[in-house]
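The values are calculated or read from the model by the stated rules, or taken from the named source; none is laboratory data. Quantities reported herein were computed from a predicted structural model and do not represent experimental measurements. Counting neighbours? That spans all protein chains shown, and the Cβs are built from the backbone with ideal geometry, glycine included.
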Amino acid sequence: MTELPDFWRTEVFHPLSVHFPIVLLLVATLFKIISIWSKKAMWESGGRVLLILGVISVWIAVYTGDQADGIVSRQLCDPTVLKEHENLATTTAYIFTMALVIDLLLKFVESFRKKSVSIVLVLLMIAGSITLTLVGHLGAELVYQQAAGVNVPSEDCSEFN
Amino acid sequence: MRNSIFKGLIFSTILLFFACGESTDVVESGTYQGTIKEVEPAKTEIYVNTDDDKTLELYFTDSTTLTRNGSNADFSELKEGQKVEVEVEKNGKRLDPISVKIME
């Protein structure tokens, strides 16, 4: 009889952690876009808090992804998709990390407080959001087309009896 | 000063955008000679640059044989820059190493 694998296996921590940066960084970008026009400080500071949390979570997702890679790669029919997913994810993490550095300079260094710097920050975050979306799409391809990290139950479902 | 820092950050971002990651190639089943570009012991994985300038990403399987001078070798003997001969089997776009011979 086939045995049901443990749920808390290494490759499962990646899908568990990956949705946090997707939400946090996309909403942070939205807040920063609004802050360009809005005079309310909430958009500016709220965007910063989301960006900080998003950058922390994106590096956690990169780490858990690297852990999953060693297990999942051996089972994929097209690991080149995984490579592309990894490369783009690392690029995305660096883009948002740079955005965070610029945002913190805007907050704490007087001479950086210029509209042009805020616009560059938003453009950088929009670029990061585009690559983040592509990373998510590639991740979904890995799961839904190649069953990456997914346990495929036996035909008679005997492991659930 | 402020402009220099700002330009530096933007330049670094653009540089990182293009520099992140490495691309790998898919080749037909067969035997290839090349040099080890990178060894990842935790994943029992190696990257091999072939003589025709392709980069192969190879995850060792339970059936992969590793030899040196005709005798079995341990994965820890693999080092960056070593000349190797690899026999790979292409399954879909995945390259499974059947054998890896350390040439030096």
Tell me, please, whether a residue that is at the interface with chain B (Cβ under 10 Å from one of its Cβ atoms), free of Cβ contacts under 8 Å to residues at least 24 places away in the same chain, surrounded by 20 or more Cβ atoms within 10 Å (Cβ to Cβ) and more than 30 Å from A:Thr2 (Cβ to Cβ) can be found in segment A:115-127.
no
Among the residues in segment B:4-27, are any at pLDDT 95 or above and more than 14 Å from chain A (Cβ to nearest Cβ)?
no
Filter pass, A:Ser17 being in a helix (DSSP H, G or I) and in contact with a Pro (Cβ under 6 Å, 6 or more places away or on another chain)
no
Residues (closer than 23 Å to A:Tyr144 by Cα and surrounded by 19 or more Cβ atoms within 10 Å (Cβ to Cβ)) located in segment A:44-63:
A:Val58, A:Ala61, A:Val62
Is it true that A:Leu132 is within 30 Å of B:Asn3 (Cα to Cα) and part of a helix (DSSP H, G or I)?
yes
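Yes or no: segment A:89-104 includes at least one residue that is outside any helix (DSSP H, G or I), at the interface with chain B (Cβ under 8 Å from one of its Cβ atoms) and surrounded by 21 or more Cβ atoms within 10 Å (Cβ to Cβ).
Within segment A:89-104, none of the residues are outside any helix (DSSP H, G or I), at the interface with chain B (Cβ under 8 Å from one of its Cβ atoms) and surrounded by 21 or more Cβ atoms within 10 Å (Cβ to Cβ).
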Scan A:Ile22, A:Ile102 and give me the residue that is aliphatic (A, V, I, L, M), under 28 Å from A:Gly149 (Cα atoms) and out of contact with any Cys (no Cβ under 9 Å at 6 or more places or on another chain).
A:Ile22
Mind checking whether some residue in segment A:27-38 is farther than 22 Å from A:Ile130 by Cα, among the polar types (S, T, N, Q) and assigned to a helix (DSSP H, G or I)?
no
